[in-house]
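A.B. asks: Next up is a structure, given as structure tokens.
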Amino acid sequence: MELKRISLLAALLAILPVVTPAQPPANTVLPATVKVESFGIENVKSDRVEMVARLGLYPERSFKTHQLGFFAMRVNEIPVYVASLYGEFQLKKGEMLMLPDLHITVYFRDIPSLDPIRKMVQDQRASVTGQIAADIDASTLEKIALRSLHPRIVVPFSKDIPVAVPGGSLGATAALAMLDMATQAGPFASSVLGTIAPGKDAPWRNRLATEEVRHLVLVRTHGVLTDTDGSIPLDYIQLGFWISPTTVVVPAEAIRPWDFDPDASARLGAGATVDKKSIELTVTPLVADAGKPTAWSLQAKDFKITYDGSPAKESVVNTAKGGTTQIRERGSANNYALLRFRDGITGNPVKFADPGAQDWERLGVLRLQRSSIGGDPKVEVVLVPANLESKQVHLTQQVDDSAFGSPLFTENGVVGMVVDENFAVITSAIKHVDN
């Protein structure tokens, strides 16, 4: 083995917490510096502010990844969504890697007050915090040693930075005037602005984050993949939610995640096996009620799988091992499974809504913060535009796998479940199986 591979393995092992086989591997905080090369306001409109950030990563360990995710991102304490970056990212020890521009939009209707935006423009400074997470490419030996097929590193950061305002002082004055216009809108102006009135959607976002989360569960799937090189624990986490007092719907991927994982599928195609005795499927409420059990197990017969969709297979590029491999198609109308719980176990079902419209300006998605270091699992709210396509909802703004299993919320109820970066299964296709 090359010396650099041994060095990487030793370095990662030195900072990785010890875990037991039945536990998902803990995220590893990678020693690194996040540099904010620039942060600026691109435009202030009557209903939004558009910003752009340029970040750099300066790692103390070399690694390669094909996806960088951004979690718990905030600008002046305003929660913001930053889409994941995809591609090949080669980070070298002691060398700065500049990331592509990150575009951030804050809609005034989503926040209760415009004061944090006003302060940013006035001071021309902002506080930017968050976490950058990545599944690192590793050799088989490293994956065995790290007890994970997809070792994950996390880089938390918090920066107080200057903010560039286009047009300098004149541009700042114009931006403040626009904010004043939005802030001081009276009843007539609000009736004209309608759905874009400042703060209009803030209560809905707050309800999603504090009340609707009670419908959600975490589904943890564990197994052990064995091939000629050794055994690697397989650990996956996805969301699901109650659709009746006794039934939870989850992506079919949560039942057999290795069938949807290019790296695992390639190894299985080459002769590896998943030990059936090692498979564990557990469900926990995202928000636990006092005095109630906090976990249920398929092995303990707390629930059974009453429907298990089998999406067709598709060929995809295997970024971990090269070439192509066959996996189950995530963006399938059949990518869901139903878990029926035994007597005595009940949950809080979502309220369904008639999809009705063919297009939505925005639907609510709850995204699991997988990058969290310790503590209870958390979700963050993302609002995405979408349109209806037969038995699927097409998300015209891409999400990432941290949203798989999330309900798709309208203000009137749930219309789908996210199963892919761009697609959701429509709930009307799910309910008929449960009834």
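A.B. asks: Which order, highest average first, do 162-168, 295-301 follow once you tally other Cβ atoms within 10 Å for each residue and take the mean per peptide? Could the numbers behind the result be given before it?
C.D. replies: On the way: 162-168: 15.0, 295-301: 13.4.
So the peptides 162-168, 295-301, ranked by packing, come out 162-168, 295-301.
A.B. asks: While we're looking at this one, here's another question. Would you be so kind as to identify which of Val283, Thr228, Ala266 lies farthest towards the positive end of the dipole of segment 215-341, taking Lys and Arg as +1 and Asp and Glu as -1 on Cβ and the Cα centre as origin?
C.D. replies: The one lying farthest along the dipole's positive direction is Val283.
A.B. asks: In a shell of Cβ-Cβ distance under 14 Å around Thr273, excluding Thr273 itself, what net charge do Lys and Arg (+1) and Asp and Glu (-1) give? Please list the in-between numbers first.
C.D. replies: Details: positive: Arg256, Arg267, Lys276, Lys277; negative: Asp227, Asp229, Asp259, Asp275.
That sum, taken over residues with Cβ under 14 Å, equals 0.
A.B. asks: Still on this structure: Between beta-carbons, use under 12 Å as the cut-off and find the net charge around Ala164, counting Lys and Arg +1, Asp and Glu -1.
C.D. replies: Around Ala164, the charge tally is 0.
A.B. asks: Can you tell me how much longer the chain between Ser62 and Thr33 gets when fully stretched, taken as 0.36 nm per residue apart minus their C-alpha distance, in nm with one decimal?
C.D. replies: 9.1 nm
A.B. asks: Can I ask one more? Which order, highest average first, do 244-253, 104-113 follow once you tally other Cβ atoms within 10 Å for each residue and take the mean per peptide?
C.D. replies: Highest to lowest by the protection proxy: 244-253, 104-113.
A.B. asks: For Ser231 and Gln369 in the same chain, what is the full-extension length gain: residue separation times 0.36 nm, less their Cα-Cα distance, in nm?
C.D. replies: Between Ser231 and Gln369, full extension yields 46.9 nm more.
A.B. asks: Pull up all non-local amide H partners of Arg48: gap of 5 or more, or a different chain, and H-to-H distance under 5 Å with H placed in the peptide plane.
C.D. replies: Hits under the 5 Å cutoff: Phe108.
A.B. asks: What whole-number distance in Å separates the alpha-carbon centres of segment 340-368 and segment 36-82?
C.D. replies: About 30 Å separates the Cα centre of segment 340-368 from the one of segment 36-82.
A.B. asks: Then there's this: Determine ³J(HN,Hα), in whole Hz, for all residues of segment 71-88 in sequence, where each value follows from phi through the Karplus function 6.51 cos²θ - 1.76 cosθ + 1.60 and θ = phi - 60°; x replaces Gly and Pro.
C.D. replies: 10, 6, 7, 9, 10, 6, 6, 8, x, 10, 9, 10, 5, 4, 9, 10, x, 9
A.B. asks: How would you rank 53-64, 125-136, highest first, on the average number of other Cβ atoms within 10 Å across their residues?
C.D. replies: So the order, starting with the most tightly packed, is 125-136, 53-64.
A.B. asks: Can you list residues from other chains, or at least 5 along the same chain, whose modelled amide H is less than 5 Å from the amide H of Gly416?
C.D. replies: Leu408, Thr427
Bear in mind these aren't lab numbers, they're just calculated from the coordinates by the rules spelled out. Model, not experiment: these values are computed from the prediction. Don't worry about glycine lacking a Cβ; one is built from the backbone with ideal geometry, like all the others, and counts go over all protein chains shown.
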